[in-house]
Amino acid sequence: MRSNPWQLLALWLLAAATASACGSAPPPASQAAKKSPAPASRPRATLEPRAVVTAFRGNEPSFQACFNLSGVTARGALRLAWQVDTAGTASGARVEESKVGDPTIGECLGEQIAALHFGAQEAPAEARWTFVSRLFEPPPPDEEEKRKKARDRKRRSGNESREPAPEKGVSIESSSPGFMDPRSVDDVVAANFGLFAHCYRAALERHPGLAGVVRLRFIVGQGGKVVSVRDAGSELADGRLVDCVAEGFYALSFPKAPEEDEVRVLYRLVFDSGLSG
């Protein structure tokens with residue numbers, strides 16, 4: 001018996017409708033509901049360096065003591081990161097990079113940070129700081145006096161009419177793979193002068209009338225962050241001042257190098273309480 005084609009079509013449509021109603025067959029792809037993308041997590045805000053320095057103020061001796069747990073002051077740099085909640089409480093301190101061999105130094109610094117208050121925040125934030133110890137060792141007073149006399153003799157000898165070339169405040173090293181306009185470097189340092197003024201005020205409390213020159217050689221990485229700071233011939237009687245200034249440079253952010261290469265910079269700061277302006 002031959003089947004009626006219209007009857008077969010009706011039976012097929014009825015079966016398809018029944019299967020769809022029972023959920024046994026998926027809807028056509030064109031009619032499937034599109035999933036909304038998961039909301040992207042908001043990046044955590046970064047605490048400004050000045051806010052970190054403000055919270056640190058007065059607690060510097062406790063940080064320095066962490067580098068002297070073994071009785072001998074360790075030398076090197078150590079970068080810590082931690083979270084700050086909306087109430088200003090710090091937690092979760094972790095070592096991101098360390099150039100000191102003793103792991104207990106990072107633990108000690110983390111404990112000190114956990115006891116500080118960073119001020120109320122509009123939203124949870126992340127903070128980080130690079131601690132520096134013994135970047136520069138001041139020479140003994142008698143040795144410094146000898147060096148000064150030697151420099152004076154050298155200055156007086158030879159052609160008196162020839163003036164030495166003035167030392168630049170900022171310059172890019174000739175061996176630097178990348179380049180950055182020295183004026184833009186100077187602008188960033190000047191905008192963060194409060195970080196270095198804080199260092200000098202503390203040094204004047206230790207050595208009233210302290211004056212001298214801090215020379216640093218630092219490297220700006222591809223993202224504009226300072227990745228290395230070294231002493232480049234500082235001349236003063238307070239090594240802790242140089243360490244403090246170096247910590248301030250680690251906290252700076254510079255324009256991203258267009259060549260995507262690191263930039264090596266020489267920078268000179270003159271500290272003299274008798275200077276005006």
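The values are calculated or read from the model by the stated rules, or taken from the named source; none is laboratory data. Given the structure is predicted, the values throughout are model-derived calculations rather than measurements. Here the Cβ positions follow ideal geometry from the backbone for every residue, glycine too, while neighbour counts run over all protein chains shown. Note: accessible area is taken over every heavy atom of the protein model, side chains too, but ligands, DNA and RNA are not part of it. Shrake-Rupley method; radii C 1.70, N 1.55, O 1.52, S 1.80 Å.
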(message) As a test of understanding, state the convex hull volume per residue of segment 166-277 from its alpha carbons, in Å³.
(response) 100 Å³
(request) For segment 165-246, give the percent of accessible area contributed by carbon and sulfur heavy atoms, probe 1.4 Å, rounded to a whole number. (result) 54 percent
(request) Quantify, in whole percent, the carbon and sulfur part of the accessible surface of segment 44-106 (1.4 Å probe; protein heavy atoms only). (result) 52 percent
(request) Using +1 at the Cβ of each Lys and Arg and -1 at the Cβ of each Asp and Glu in segment 182-222, identify which of TYR200, GLY212, VAL188 lies farthest towards the dipole's positive end. (result) GLY212
(message) Less than 15 Å Cβ to Cβ from GLU205, Lys/Arg counted +1 and Asp/Glu -1: what total charge do the surrounding residues give?
(response) +2
(request) For segment 38-126, give the magnitude of the charge dipole about the Cα centre (Cβ charges: +1 Lys/Arg, -1 Asp/Glu; no others), in debye to the nearest 20. (result) 180 debye
(message) For a Förster distance of 22 Å, can you work out the FRET efficiency between the beta-carbons of SER91 and VAL227, rounded to the nearest 0.05?
(response) 0.25
(message) As an exercise, use a Förster radius of 25 Å and the Cβ-Cβ distance of ASP272 and ARG217 to find the FRET efficiency, rounded to the nearest 0.05.
(response) 0.70
(request) Rank-order 87-94, 238-245, 130-137 by packing density, defined as the average count of other C-beta atoms within 10 Å over each peptide's residues, highest first. (result) 238-245, 130-137, 87-94
(request) Obtain the nm distance between the two label points defined at ARG201 and GLU48 by a simple spin-label model: each point lies 7 Å from its Cα along the Cα-to-C-beta direction. (result) 1.6 nm
(message) What distance in nm lies between label points placed 7 Å from Cα along the C-beta direction at ALA114 and ASP261?
(response) 4.5 nm
